[in-house]
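Just below is one structure, and these are the notes that go with it.
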Amino acid sequence: LRDLLQRLLTKRGFTVEVADDGAKACGLIDQTDYDIIFCDIQMPKMGGMALHDTIRRRQPQKLGAFVFISGDILNAELRQFADTAQTPLLSKPFGIAKLDAVLAQVLARRAAGRDPHVQGEPLSVPA
């Protein structure tokens, strides 16, 4: 999935950096301002929720770039966490249309300077 997502984003003009575990992802996020961060909930060394929490404490201005990815969308704790964090949740498997919708939503919000983590803006992800 990581390789497929990397190819799809590259075809859309993005420069993509990939981390194969949460600890490496945390290091990259600490050092770089990304337009969008796709964060799998299940990662070695540091899961997606722990990564999000670490970035929230260190650099909360970067949270608006997060998009969670999970195959466990029926998990009530995960859904509550994503809702509370105001972070889109992209469910596996996902199609190109859903990916494009999430990209457009996050990038438009960031370009307009609207960050739900600062202003409390509601965030929804197309089904």
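All of the numbers you see were taken from the coordinates with simple rules; none came from a lab. Keep in mind it's a predicted model, so treat the numbers as computed, not measured. Cβ placement follows ideal geometry from the backbone for every residue including glycine, while neighbour counts extend to all protein chains displayed.
Assorted remarks:
- Equivalent ellipsoid of the range 1-78: semi-axes from √(5λ) of the C-alpha gyration tensor, largest first, are 19, 17, 12 Å.
- Here's the picture: charge each Lys and Arg Cβ at +1 and each Asp and Glu Cβ at -1 in the chain, and of 65, 86, 42 the one pushed furthest to the positive end of that dipole is 65.
- Computed about its Cα centre, the charge dipole of the chain is approximately 180 debye, with only Lys, Arg, Asp and Glu carrying charge at their Cβ.
- Point-to-point label distance, residue 42-residue 2, nm (Cα→Cβ direction, 7 Å offset): 1.5 nm
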